[in-house]
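Written below as structure tokens is the structure these notes are about.
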């Protein structure tokens, strides 16, 4: 939540004034009907304002969750899950998050993915078969944490 607040603050205090300056500079260059820079700056402003609005809505609806109250007896949202691929014996670790928080490179797997859907409700020791475009994955749940 703090990262979201910091990102929103940057958009409002740094990016918004920069876009306003770009619009002012483009406006100073003359006829607005044929000014591509002005059109591009206005488009950037629209996208920025939309992003700010989305982030404000996200913050308004966000709830901070106490980690100590998250159940780790079975897999659910916000659990960190350790898995073992039974085909190639590799291990992997993912945190199951909402779609808006998903970032596969940092190990945050969207709850809407086929793998996450197959894991929900499973316990340590359970084996899960997941159909993916490349075939079928056979995963063993090795650990569940917060």
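Scan the range 18-45 for residues that are assigned to a loop (DSSP other than H, G, I, E, B) and either within 27 Å of the chain's Cα centre (by Cα) or loosely packed, with under 15 Cβ neighbours inside 10 Å (or both) and jot them down.
28, 29, 30, 31
For the range 46-146, which strands (runs of 3 or more DSSP E) that fit wholly inside it have 2 or more residues that are surrounded by 12 or more Cβ atoms within 10 Å (Cβ to Cβ) and in contact (Cβ under 8 Å) with a residue 40 or more places away in the chain?
On the way: elements: 80-85, 91-97, 108-110, 127-132, 135-145.
Once the strands (runs of 3 or more DSSP E) in the range 46-146 are filtered for at least 2 residues that are surrounded by 12 or more Cβ atoms within 10 Å (Cβ to Cβ) and in contact (Cβ under 8 Å) with a residue 40 or more places away in the chain, what remains is 80-85, 135-145.
Tell me whether the range 2-14 contains one or more residues that are surrounded by fewer than 11 Cβ atoms within 10 Å (Cβ to Cβ) and not in a helix (DSSP H, G or I).
no
Only the coordinates and a few stated rules stand behind these numbers; no lab work does. If you're wondering where the values come from, they're calculated on a predicted model, not measured in any experiment. When we count neighbours, we look across all protein chains shown, and the Cβ atoms used for this are built from the backbone with ideal geometry, even at glycine.
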